[in-house]
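Read the structure below first, then the notes.
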Amino acid sequence: MNRILATATSEFRIAFRNRWVSIATGMMVLFALVLAAAGSAPTGDVGVDRLSVTVASLTSLAVYLVPLLALLMSFDAVAGEVERGTLPLLLTYPVSRLQILLGKLLAHLAILGLAVTLGYGTAALVAVWSDPEAVNGFGALWRLIWSSVLLGATFLGTGYALSALARRPSGAAGLAIALWLVAVVLYDLALLALIVTDGGGAFTTQALPVALLANPADAFRVFNLSAAQAVAAAGGLGGAAGAIPLWQSAASLFFWPLAAIALAAAAFRRVTP
Amino acid sequence: MTPTLTISRLTKRFQSVEALKSVSLTLEPGRRAALLGHNGAGKSTMMKIVLGLIPFDSGEVSVCGTAPGSPAARAQVAYLPENAAFHPALTGEEQLRHYLALRGENPRQAIELLARVGLGHAARRRIGTYSKGMRQRVGLAQTLIGRPRLLVLDEPTSGLDPVSRRDFYDLLDGLAAEGTAILLSSHVLTEVEARTDRILILSGGELVAEGTLADLRARAALPVAFSVRAAPGHSAALAATFPEGAQGGDGLVRLCCAQSEKLPLLARIAALGNAVIDLDVIPPSLEDIYSHFSRRDGQ
């Protein structure tokens, strides 16, 4: 455990010096503020408090931003060590490769947790300031924060795996961007296209819930929207959230980080310095 | 005494290239061995196998009684890679604190370790601002953590100035006196001559010679060169006495003979009396001995 903490301390320091902490936090706060300002119109008639509406908007934002931040922080994790030539020496120390990965994960998760807490927190402050009823939405906000951290862990782990597979930072960066495009953007577009052609048939009722749970980003969105019973307030694929039991999307949220770390550990084990 | 490092019939192939061919060696506690060889002779490959960084094809390797790269072996082995590299965003002190924590030692020793390698003044500066020699010293400092039983040093003195090199070998002497076995590679023959107990020469993946410098000198049996200068007016007489010698310009004659004929030849030169005004005996240099053993087939 001490070795994991020591690695995490160094990684956090490096990320701080490389401005990752301020970039991640600044980005989340900025986008959250824009959403809070833009989302101030549709209140009153919906029958829910202001913060719950903000959380629904923040969910859509987090689906894009959290995986992006996680991949940006993680693509260099193994490939960067290989390129700098620091890996051979590190691997002669009495520390396992899994401990190294967990140390990096801990540091990156701390940064991500800080960024989303400050970002969402800012939006929540704006909501509470304009609508005192909004304090009822704190449960939804807390759920959004920890599920964002889990979503981040999934993409951090996948980023480490890509970093170990590519072995060069430039290659790893390309793979990370490709993964983000496919998992967060193209996957949903493809599902929407299938729903349209299917016209409410077997795909929409049978395969769609499975497809949504199979993608960590969609599982995150479905979980937060159905937990907040804000399905009605969300359009698009989020509308399908009602068809999926809460425990299933929660299970998907917890399963993916473990799978991603296992994948990263397997990929890292194959790296010969 | 149980050897700290035992390698027997070690063979390593990279695709079609045989990087190491049936190499065997043992290293006892407190002994310092220097590994010499051309680039590509297999020095770094052998070190990486000893450290457990890369697998090997056949043979046996035992490090401190266990398999190379096992947690027990890694806890007792310290390594200095060629061109030691560290994250440029960390300071020397932070980097060493990290390494200390990974070895389960108290991170507070960082400053003291840096002071031992002469980096106390730069401990709080980022490694990105360090020179190559300073980075090499950070590398040295991390090998001093704990009490390693085996030190593996890949070209440890590259980038160090002569004074730092001497300090470095003094550090090694201290560690060896405490029982640490040291395996180091080097290109600089003159410096390993005085500061190591044994020299190992690798060539094309084979261990072609092993022993003290005196052993190797005797085994190579390289000819001794003589440079004889004639007194004015005696050049012709000198040349006539030694027709086998090579004539230099200004009355200088160069002669070569086997080690066993050295004294008889000296007697013949002395017999010339006043005809000779100067004489130099040139033993085979370290470079000559090294290239004698490490020359590859057909060269």
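Bear in mind these aren't lab numbers, they're just calculated from the coordinates by the rules spelled out. Everything quoted here is computed from the prediction, not taken from an experiment. We place every Cβ from the backbone using ideal geometry, glycine too, and count neighbours over all the protein chains shown.
For the segment B:87-94, counting C-beta atoms of other chains within 10 Å of every residue's C-beta and taking the mean gives 4. With a Förster radius of 25 Å applied to the beta-carbon distance between A:F255 and A:T205, the computed FRET efficiency rounds to 0.60. Listed by chain and number, the lysines whose alpha-carbon sits under 28 Å from that of B:K132, ignoring those within fewer than 8 places in the same chain, are A:K104, B:K43, B:K48. Among beta bridges identified by DSSP and lying wholly in the protein assembly as shown, the antiparallel ones come to about 65 percent.
Alpha carbon centre of region B:213-243 versus region B:86-126: separation in Å? When both Cα centres are located, 55 Å separates them. Dipole orientation for chain B: of the candidates B:S164, B:S8, B:H87, B:H87 has the Cα lying most toward the positive pole (charges on Cβ; Lys, Arg +1; Asp, Glu -1). For peptide A:77-90, the mean count of partner chain Cβ atoms within 10 Å of a residue's Cβ comes to 4. Per-residue Karplus couplings for region A:102-109, computed as 6.51 cos²θ - 1.76 cosθ + 1.60 with θ equal to phi - 60°, are listed in order as 5, x, 4, 4, 4, 5, 5, 5 Hz, Gly and Pro entered as x. Model label sites at B:A72 and A:F16, defined 7 Å from Cα along the beta-carbon direction, differ in position by 4.0 nm.
With neighbours defined as other Cβ atoms within 10 Å of a residue's Cβ, the residues B:S8, B:S62 order from fewest to most as B:S8, B:S62. To the nearest ten degrees, helix A:138-166 and the longest principal axis of the Cα atoms of chain A are 40 degrees apart. Using the rule -39500 (n - 2.57) for each DSSP H run of four or more residues, divided by the residues of the protein assembly as shown, the 222 nm mean residue ellipticity is -16500 deg cm²/dmol. Taking region B:100-129 and a reference point 7 angstrom along Cα→Cβ of A:R84, the backbone N atoms nearer than 13 Å belong to B:126-129.
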